[in-house]
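Everything on this sheet refers to the single structure shown next.
The values are calculated or read from the model by the stated rules, or taken from the named source; none is laboratory data. Keep in mind that what you see is a predicted model, and the values were worked out from it rather than measured. For neighbour counting, all protein chains shown are included, and Cβ atoms are generated from backbone atoms with ideal geometry for every residue, glycine included.
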Amino acid sequence: MLKSGVFVSDTGQILDARPGELRWHLDYPRADFDLSAYAIRNLGFVWFKLETNGARLKLRADLFTTACFERVVRLVFEHRIERLVIEHEAEGEPAEVLHNINDIIARLDFLRGTTPGERPRDSYILETLDLGRLRHGKRRRLAETFAAWVRHRGQLPSDLEPLRRIGAFDGGHLLVNLEGKDQAIIRSWPSNIVCYSASESAQLIGRDLSDQPDSTFGHWAAKPYYEVVRSAAARLDLIEAVIRPPNGPSLVSRYERLLLPWRTSAGDFWVSGTSLNRSRRALRSAR
(Lines give C-alpha, C1' and ligand atoms only; values in the text may rest on other atoms or scores of the structure.)
Protein backbone atom coordinates (compact mmCIF):
# COMPACT_ATOMS: atom_id res chain seq x y z
CA MET A 1 0.00 0.00 0.00
CA LEU A 2 2.84 2.41 0.82
CA LYS A 3 4.30 2.00 -2.68
CA SER A 4 1.11 3.38 -4.20
CA GLY A 5 0.78 6.03 -1.50
CA VAL A 6 -1.16 6.47 1.72
CA PHE A 7 -2.64 9.36 3.63
CA VAL A 8 -1.75 10.07 7.23
CA SER A 9 -4.60 11.95 8.88
CA ASP A 10 -4.30 14.82 11.34
CA THR A 11 -4.94 12.25 14.10
CA GLY A 12 -2.13 9.99 12.88
CA GLN A 13 -4.32 7.36 11.21
CA ILE A 14 -3.02 5.67 8.05
CA LEU A 15 -5.59 5.68 5.23
CA ASP A 16 -5.63 4.12 1.78
CA ALA A 17 -4.99 6.89 -0.75
CA ARG A 18 -7.34 5.49 -3.38
CA PRO A 19 -10.12 8.05 -4.03
CA GLY A 20 -12.91 5.61 -3.27
CA GLU A 21 -11.40 4.70 0.10
CA LEU A 22 -10.85 8.34 1.01
CA ARG A 23 -14.43 9.26 0.07
CA TRP A 24 -15.68 6.43 2.24
CA HIS A 25 -13.55 7.51 5.20
CA LEU A 26 -14.64 11.14 4.92
CA ASP A 27 -18.25 10.13 4.26
CA TYR A 28 -18.38 12.03 0.98
CA PRO A 29 -19.44 9.54 -1.71
CA ARG A 30 -19.59 11.91 -4.68
CA ALA A 31 -16.59 12.23 -7.00
CA ASP A 32 -17.29 15.82 -8.00
CA PHE A 33 -13.94 17.34 -6.91
CA ASP A 34 -10.37 16.39 -5.95
CA LEU A 35 -10.88 15.08 -2.44
CA SER A 36 -7.21 14.14 -2.08
CA ALA A 37 -6.04 17.73 -2.60
CA TYR A 38 -8.81 18.95 -0.30
CA ALA A 39 -7.68 16.60 2.48
CA ILE A 40 -4.14 17.99 2.34
CA ARG A 41 -5.14 21.63 1.90
CA ASN A 42 -7.95 21.80 4.47
CA LEU A 43 -7.82 18.80 6.80
CA GLY A 44 -4.11 18.55 7.58
CA PHE A 45 -3.65 15.16 5.91
CA VAL A 46 -0.20 14.18 4.63
CA TRP A 47 0.34 12.05 1.53
CA PHE A 48 3.23 9.58 1.88
CA LYS A 49 4.65 7.26 -0.78
CA LEU A 50 7.62 4.90 -0.83
CA GLU A 51 9.92 5.17 -3.84
CA THR A 52 12.84 3.11 -5.09
CA ASN A 53 15.42 5.42 -3.53
CA GLY A 54 13.48 6.75 -0.54
CA ALA A 55 10.08 8.34 -0.05
CA ARG A 56 8.00 11.35 -0.99
CA LEU A 57 5.39 13.26 0.97
CA LYS A 58 3.12 16.23 0.43
CA LEU A 59 1.80 18.40 3.23
CA ARG A 60 0.52 21.76 4.29
CA ALA A 61 2.98 22.82 6.95
CA ASP A 62 0.66 25.01 9.02
CA LEU A 63 -1.76 22.07 9.47
CA PHE A 64 0.91 19.48 10.36
CA THR A 65 -0.12 18.15 13.79
CA THR A 66 1.99 16.31 16.35
CA ALA A 67 -0.06 13.13 15.87
CA CYS A 68 0.53 13.22 12.12
CA PHE A 69 4.22 14.05 12.59
CA GLU A 70 4.73 11.11 14.96
CA ARG A 71 3.12 8.67 12.54
CA VAL A 72 5.23 9.94 9.62
CA VAL A 73 8.38 9.65 11.75
CA ARG A 74 7.43 6.07 12.56
CA LEU A 75 7.11 5.31 8.85
CA VAL A 76 10.50 6.91 8.19
CA PHE A 77 12.15 4.74 10.85
CA GLU A 78 10.31 1.54 9.95
CA HIS A 79 11.36 1.82 6.31
CA ARG A 80 14.81 3.30 7.02
CA ILE A 81 14.22 6.29 4.79
CA GLU A 82 17.48 8.11 4.01
CA ARG A 83 16.12 10.26 1.18
CA LEU A 84 12.87 12.19 1.43
CA VAL A 85 11.28 14.61 -1.02
CA ILE A 86 8.90 17.07 0.66
CA GLU A 87 6.33 18.75 -1.55
CA HIS A 88 4.49 21.72 -0.07
CA GLU A 89 0.83 22.39 -0.72
CA ALA A 90 1.47 26.13 -0.49
CA GLU A 91 1.81 27.69 -3.92
CA GLY A 92 5.31 28.87 -4.78
CA GLU A 93 7.10 26.79 -2.15
CA PRO A 94 9.85 24.68 -3.75
CA ALA A 95 10.18 20.97 -3.10
CA GLU A 96 12.85 19.93 -0.61
CA VAL A 97 15.17 16.93 -0.85
CA LEU A 98 16.70 15.58 2.37
CA HIS A 99 19.42 12.92 2.37
CA ASN A 100 19.88 11.94 6.01
CA ILE A 101 17.42 10.42 8.46
CA ASN A 102 18.42 12.84 11.23
CA ASP A 103 17.95 15.83 8.94
CA ILE A 104 14.60 14.39 7.81
CA ILE A 105 13.29 14.14 11.37
CA ALA A 106 14.63 17.59 12.28
CA ARG A 107 12.99 19.19 9.26
CA LEU A 108 9.65 17.48 9.85
CA ASP A 109 9.74 18.58 13.49
CA PHE A 110 10.43 22.16 12.43
CA LEU A 111 7.47 22.07 10.05
CA ARG A 112 5.29 20.62 12.82
CA GLY A 113 6.27 23.54 15.01
CA THR A 114 4.92 26.05 12.47
CA THR A 115 1.36 24.79 13.01
CA PRO A 116 -0.72 27.13 15.22
CA GLY A 117 -1.19 25.59 18.66
CA GLU A 118 1.83 23.29 18.35
CA ARG A 119 4.98 23.86 20.41
CA PRO A 120 7.60 25.43 18.11
CA ARG A 121 10.91 23.66 17.69
CA ASP A 122 13.66 25.24 19.77
CA SER A 123 15.49 28.09 18.06
CA TYR A 124 18.90 26.79 19.18
CA ILE A 125 19.83 23.11 19.29
CA LEU A 126 23.31 21.67 19.89
CA GLU A 127 24.27 18.00 19.93
CA THR A 128 27.88 16.94 20.54
CA LEU A 129 28.94 14.17 18.16
CA ASP A 130 31.61 11.48 18.40
CA LEU A 131 34.87 12.54 16.75
CA GLY A 132 34.90 9.16 15.02
CA ARG A 133 32.47 10.64 12.52
CA LEU A 134 35.38 12.56 11.02
CA ARG A 135 36.33 9.34 9.22
CA HIS A 136 33.43 9.79 6.81
CA GLY A 137 34.52 11.11 3.43
CA LYS A 138 32.06 14.00 3.44
CA ARG A 139 33.89 15.43 6.47
CA ARG A 140 37.30 15.39 4.80
CA ARG A 141 37.88 19.11 5.32
CA LEU A 142 37.11 18.79 9.01
CA ALA A 143 39.29 15.68 9.30
CA GLU A 144 42.27 17.41 7.67
CA THR A 145 42.01 20.33 10.07
CA PHE A 146 41.74 17.93 13.01
CA ALA A 147 44.82 16.03 11.78
CA ALA A 148 46.79 19.29 11.64
CA TRP A 149 45.76 20.07 15.21
CA VAL A 150 46.91 16.62 16.37
CA ARG A 151 50.16 16.93 14.43
CA HIS A 152 50.95 20.28 16.06
CA ARG A 153 49.69 19.03 19.45
CA GLY A 154 47.43 22.03 19.70
CA GLN A 155 50.36 24.44 19.52
CA LEU A 156 49.72 27.38 17.23
CA PRO A 157 52.84 27.78 15.08
CA SER A 158 54.21 31.22 14.35
CA ASP A 159 54.35 30.21 10.70
CA LEU A 160 50.77 29.41 9.67
CA GLU A 161 51.72 28.22 6.18
CA PRO A 162 51.48 24.48 7.01
CA LEU A 163 47.97 25.06 8.29
CA ARG A 164 46.97 27.20 5.33
CA ARG A 165 47.88 24.36 3.00
CA ILE A 166 45.14 22.20 4.47
CA GLY A 167 42.71 25.07 4.80
CA ALA A 168 43.03 26.07 8.43
CA PHE A 169 42.96 29.82 9.06
CA ASP A 170 42.68 30.66 5.36
CA GLY A 171 39.40 32.50 5.69
CA GLY A 172 37.45 29.27 5.50
CA HIS A 173 37.44 28.92 9.26
CA LEU A 174 36.26 31.06 12.13
CA LEU A 175 39.27 31.95 14.26
CA VAL A 176 39.13 33.70 17.64
CA ASN A 177 41.64 34.43 20.33
CA LEU A 178 40.54 34.52 23.93
CA GLU A 179 41.34 37.57 25.99
CA GLY A 180 40.64 37.10 29.66
CA LYS A 181 37.61 35.14 30.78
CA ASP A 182 34.91 36.92 28.83
CA GLN A 183 36.22 37.93 25.41
CA ALA A 184 36.62 35.87 22.25
CA ILE A 185 37.94 38.25 19.60
CA ILE A 186 37.20 37.34 15.99
CA ARG A 187 40.38 37.25 13.85
CA SER A 188 38.97 35.45 10.81
CA TRP A 189 35.36 35.10 9.62
CA PRO A 190 34.74 32.19 7.22
CA SER A 191 33.28 32.79 3.80
CA ASN A 192 30.87 29.85 4.16
CA ILE A 193 28.98 31.59 6.99
CA VAL A 194 26.61 33.74 4.95
CA CYS A 195 23.96 34.66 7.50
CA TYR A 196 25.06 38.31 7.41
CA SER A 197 25.78 40.69 4.56
CA ALA A 198 29.33 41.02 3.23
CA SER A 199 29.77 44.39 4.94
CA GLU A 200 28.40 43.11 8.26
CA SER A 201 30.73 40.10 8.11
CA ALA A 202 33.75 42.30 7.38
CA GLN A 203 32.93 44.50 10.37
CA LEU A 204 33.00 41.49 12.70
CA ILE A 205 36.80 41.23 12.55
CA GLY A 206 38.21 42.51 15.83
CA ARG A 207 34.89 42.27 17.65
CA ASP A 208 33.82 39.85 20.34
CA LEU A 209 32.20 36.68 19.00
CA SER A 210 29.04 37.38 20.99
CA ASP A 211 28.77 40.86 19.43
CA GLN A 212 27.11 39.73 16.21
CA PRO A 213 24.27 41.48 14.33
CA ASP A 214 21.94 38.85 15.82
CA SER A 215 23.09 39.31 19.41
CA THR A 216 20.91 36.51 20.82
CA PHE A 217 22.48 33.99 18.48
CA GLY A 218 25.93 35.50 19.06
CA HIS A 219 25.81 35.04 22.83
CA TRP A 220 24.57 31.46 22.43
CA ALA A 221 27.14 30.58 19.76
CA ALA A 222 30.10 31.97 21.73
CA LYS A 223 29.74 29.72 24.79
CA PRO A 224 31.23 26.52 23.28
CA TYR A 225 34.42 28.37 22.34
CA TYR A 226 35.16 28.95 26.03
CA GLU A 227 34.12 25.41 26.90
CA VAL A 228 36.53 23.84 24.42
CA VAL A 229 39.44 25.81 25.89
CA ARG A 230 38.54 24.71 29.42
CA SER A 231 38.35 21.07 28.33
CA ALA A 232 41.51 21.36 26.17
CA ALA A 233 39.91 18.89 23.76
CA ALA A 234 38.56 18.88 20.22
CA ARG A 235 34.80 18.96 19.87
CA LEU A 236 32.40 18.16 17.01
CA ASP A 237 28.87 19.56 17.29
CA LEU A 238 25.71 19.33 15.24
CA ILE A 239 23.98 22.70 15.41
CA GLU A 240 20.60 23.99 14.33
CA ALA A 241 19.90 27.68 14.82
CA VAL A 242 17.38 30.28 13.76
CA ILE A 243 19.41 33.38 12.89
CA ARG A 244 17.67 36.74 12.61
CA PRO A 245 19.94 39.39 11.05
CA PRO A 246 18.59 42.93 11.55
CA ASN A 247 19.15 43.84 7.88
CA GLY A 248 18.28 40.63 6.09
CA PRO A 249 15.96 37.63 5.99
CA SER A 250 15.85 35.26 8.95
CA LEU A 251 17.12 31.78 8.23
CA VAL A 252 17.32 28.30 9.70
CA SER A 253 20.86 26.95 9.55
CA ARG A 254 21.82 23.35 10.31
CA TYR A 255 25.52 22.50 10.28
CA GLU A 256 28.33 20.53 11.87
CA ARG A 257 31.15 22.45 13.53
CA LEU A 258 34.58 21.28 14.62
CA LEU A 259 36.10 23.35 17.44
CA LEU A 260 39.83 23.05 18.14
CA PRO A 261 41.67 24.75 21.03
CA TRP A 262 45.11 26.16 20.19
CA ARG A 263 47.80 27.69 22.37
CA THR A 264 50.74 29.90 21.45
CA SER A 265 54.23 29.71 22.92
CA ALA A 266 53.33 32.82 24.93
CA GLY A 267 50.41 30.98 26.52
CA ASP A 268 47.62 32.71 24.59
CA PHE A 269 44.51 30.70 23.76
CA TRP A 270 42.93 30.55 20.31
CA VAL A 271 40.03 28.51 18.95
CA SER A 272 39.30 27.57 15.35
CA GLY A 273 35.79 26.69 14.23
CA THR A 274 35.34 24.78 10.97
CA SER A 275 31.80 24.28 9.68
CA LEU A 276 30.14 21.80 7.33
CA ASN A 277 26.74 22.94 6.09
CA ARG A 278 23.87 20.44 6.29
CA SER A 279 21.04 22.78 5.24
CA ARG A 280 20.24 26.46 5.12
CA ARG A 281 16.76 27.85 4.44
CA ALA A 282 15.05 31.20 4.66
CA LEU A 283 12.66 31.11 7.59
CA ARG A 284 9.70 31.85 5.32
CA SER A 285 10.41 28.60 3.47
CA ALA A 286 9.84 26.63 6.66
CA ARG A 287 6.10 26.96 6.11
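Pairing residues of region 246-257 that are under 18 Å from Gly273 (Cβ atoms) with residues that are of a type in the set (Lys, Arg), at Cβ distances under 6 Å and at least 6 apart in sequence or on separate chains, gives Ser253/Arg280; Arg254/Arg278; Tyr255/Arg278.
Could you pull out the residue among Leu259, Leu238 that is in contact with a Lys or Arg (Cβ under 6 Å, 6 or more places away or on another chain), hydrophobic (A, V, I, L, M, F, W, C) and in the same structural domain as Ser191 (by TED's automatic domain parsing)? Can you show your working first?
Working: Leu238 fails: in contact with a Lys or Arg (Cβ under 6 Å, 6 or more places away or on another chain).
Sole residue among the options that is in contact with a Lys or Arg (Cβ under 6 Å, 6 or more places away or on another chain), hydrophobic (A, V, I, L, M, F, W, C) and in the same structural domain as Ser191 (by TED's automatic domain parsing): Leu259.
Taken over region 24-55, the residue count meeting the criterion of being modelled with pLDDT under 90, part of a helix (DSSP H, G or I) and loosely packed, with under 15 Cβ neighbours inside 10 Å is 3.
Entry remark, region 66-124: residues being acidic (Asp, Glu) and within 20 Å of Ser253 (Cβ to Cβ) number 5 in total.
Identify all residues within region 195-224 that are among the aliphatic types (A, V, I, L, M) and either in contact (Cβ under 8 Å) with a residue 60 or more places away in the chain or in contact with a helix residue (DSSP H, G or I) (Cβ under 8 Å, 6 or more places away or on another chain) (or both); write none if there are none. Full working, then the answer.
If we filter region 195-224 for residues that are among the aliphatic types (A, V, I, L, M), which is where we start, we get 198, 202, 204-205, 209, 221-222.
Within region 195-224, Leu209 is the sole residue that qualifies.
Using the structure shown, decide if Ile104 is among the aliphatic types (A, V, I, L, M), surrounded by fewer than 18 Cβ atoms within 10 Å (Cβ to Cβ) and modelled with pLDDT of 90 or more. The answer is no for Ile104. Considering only residues that are buried (at least 18 other Cβ atoms within 10 Å of the Cβ) and out of contact with any His (no Cβ under 6 Å at 6 or more places or on another chain), which ones fall in region 200-214? Listed by number, the residues that qualify are Ser201, Leu204, Leu209, Gln212, Pro213, Asp214.
Here is a yes/no grid of residues against (1) of a type outside the set (A, V, I, L, M, F, W, C); (2) outside any helix (DSSP H, G or I); (3) free of Cβ contacts under 8 Å to residues at least 24 places away in the same chain:
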{"residue": "Thr11", "(1), (2), (3)": "yes, yes, no"}
{"residue": "Leu57", "(1), (2), (3)": "no, yes, no"}
{"residue": "Cys68", "(1), (2), (3)": "no, no, no"}
{"residue": "Phe77", "(1), (2), (3)": "no, no, no"}
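Considering every residue within region 154-170, establish whether at least one is part of a helix (DSSP H, G or I), modelled with pLDDT under 95, among the polar types (S, T, N, Q) and exposed (fewer than 15 other Cβ atoms within 10 Å of the Cβ). No - not one qualifying residue is present in region 154-170.
Annotation: Gly132 fulfils all but one of (1) over 22 Å from Ala241 (Cβ atoms); (2) of a type outside the set (Phe, Trp, Tyr); (3) in a loop (DSSP other than H, G, I, E, B); the unmet one is (3).
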